[in-house]
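The values are calculated or read from the model by the stated rules, or taken from the named source; none is laboratory data. Please read these numbers as outputs of a predicted model, since none were measured by experiment. Every residue, glycine as well, gets a Cβ built from its backbone with ideal geometry; the counts of neighbours run over all protein chains shown.
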Amino acid sequence: MLRDCKEKSPSVILIEYKDRLARFGFSYIESHLKDLGVNIYCIEHIKKTKKPN
């Protein structure tokens with residue numbers, strides 16, 4: 001995935017839970033991808049912060 005981000009440059013990676021991407025070192029991966037211009041969005045976090053109507 002990191003190689004793909006370097007070569008093809010996707011702008012967004014969507015994951016359901018942080019530990020699905022990496023059990024340890026998520027912040028390092030996130031920081032590296034931000035340097036490449038790639039944002040990571042975690043659905044779990046979005047669900048918790050979204051307010052019901």
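Of all residues in the range 1-25, those that are among the hydroxyl-bearing types (Ser, Thr, Tyr) have Cβ atoms under 8 Å from Cβ atoms of residues that are at pLDDT 85 or above and surrounded by 10 or more Cβ atoms within 10 Å (Cβ to Cβ), 6 or more apart or on another chain, in Ser9/Leu36; Ser9/Gly37; Ser9/Val38; Ser11/Gly37; Ser11/Val38; Ser11/Asn39; Tyr17/Cys42; Tyr17/Ile43. Among the residues making up the range 7-18, those that are exposed (fewer than 12 other Cβ atoms within 10 Å of the Cβ) and farther than 12 Å from Ile43 by Cα are Glu7, Lys8, Ser9, Ser11, Val12.
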